[in-house]
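Below: one structure, written as structure tokens.
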Amino acid sequence: MSPPGHRRGLRPARAREPGAQVGQVGLRHAHSVGRELENHRYSGNVVRGRTGGVGNDATLAGVAEARTGAAAGARTALHLLVDVGVGGGLVVNGRPLTGASGAGGEVGHPPFGTPGQRCPCGAAACWDLEVDGRALARHLADEAPDDPYDYAQSVLDRAERGDPDAAAAVARVAAALARGTAGLANLHDPDIVTLDGLAIPLRAAATDAFDTAYTAGLMTFHRDRPPRVIDAAHRDHGALSGAAAVGLDHLTSEAALADWHDLHAREGGS
Ligand SMILES: [Zn+2]
């Protein structure tokens, strides 16, 4: 996913809960991958010095879905959040697969897109470019939108009002979304797939296009029991809920508790 998506994904949660304090865990968000959590509080003591990898907002939303949302109970859950591009990733047993350096889960950047089309990430033919407002604009022969998210919303509105060109563009994007979803399902064999952000109205506006492309993209052995694709439950609160869950994991880890014990022992002995 592209950086504006992260900003947008977090905006509602921040607006409603300035400071983002969850219990006594301080959470700090930043966009893109390789995030960090620091300055957490436990029983009134500030424990510093350890940093826990958290993830980007789409990945965190996936954690929230797998823990307490639409994918709760699923061992292997694939989360796909469309905003500007698509983010998310695989969550196994409630934990995101983030790779060797924390950069895993960039589901928008396999080359499921148009050959030769250059992505801002530096790669070519990324799926990211096919599933959002940028793709809708290309299909409608409009200029690249300054705000692809708002542009996508406007095209969805036009499609809903019966504009055939808008509806056709939405169907193309929904099919592209479904093809990539099928590819990732073939790759990861998830129990369930959760859609989030613009993926939800895109599929809803072009259900047939989505279902046809999803089925066609699945390997034959998946078709008897294709991974269910359902809408996310947490929506605007997903990233914050996921951050809280991962933050609490870190806070209650052996390393963090050992830090707290050491600090408490030092303060008690001084
Ligand atoms: Zn890319």
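When the expected Rg is taken as 2.2 N^0.38 Å, what fraction or multiple of it is the alpha-carbon Rg of the range 125-204? All intermediate terms of the calculation are to be shown ahead of the outcome.
Working: Rg = 12.9 Å, N = 80, 2.2 N^0.38 = 11.6 Å.
With N residues counted in the range 125-204, Rg over 2.2 N^0.38 Å equals 1.11.
Order of H250, H222, H261 from fewest to most other C-beta atoms within 10 Å? Kindly include the intermediate steps, with their values, before the conclusion.
Values: H250 19, H222 15, H261 11.
Exposure proxy ranking, most exposed first: H261, H222, H250.
In a simple Cβ point-charge model (Lys, Arg +1; Asp, Glu -1; nothing else charged), the range 73-235 has a dipole of about 600 debye relative to its Cα centre. Taking the fewest neighbouring Cβ atoms within 10 Å as the starting point, the ordered list for L60, L78 is L78, L60.
Give me D165, D224 ranked fewest to most by other Cβ atoms within 10 Å of their Cβ, as a rough exposure proxy. Spell out each step's value before the answer.
Values: D165 13, D224 7.
Going from least to most buried by this count: D224, D165.
Stretching V92 away from D165 to a fully extended chain increases their span by 22.3 nm, per 0.36 nm per residue minus the current alpha-carbon distance.
Computed from the coordinates by the stated procedures, all read-outs in this text should not be read as laboratory data. A quick note: this is a predicted structure, and the numbers were derived from the prediction, not measured. Every residue, glycine as well, gets a Cβ built from its backbone with ideal geometry; the counts of neighbours run over all protein chains shown.
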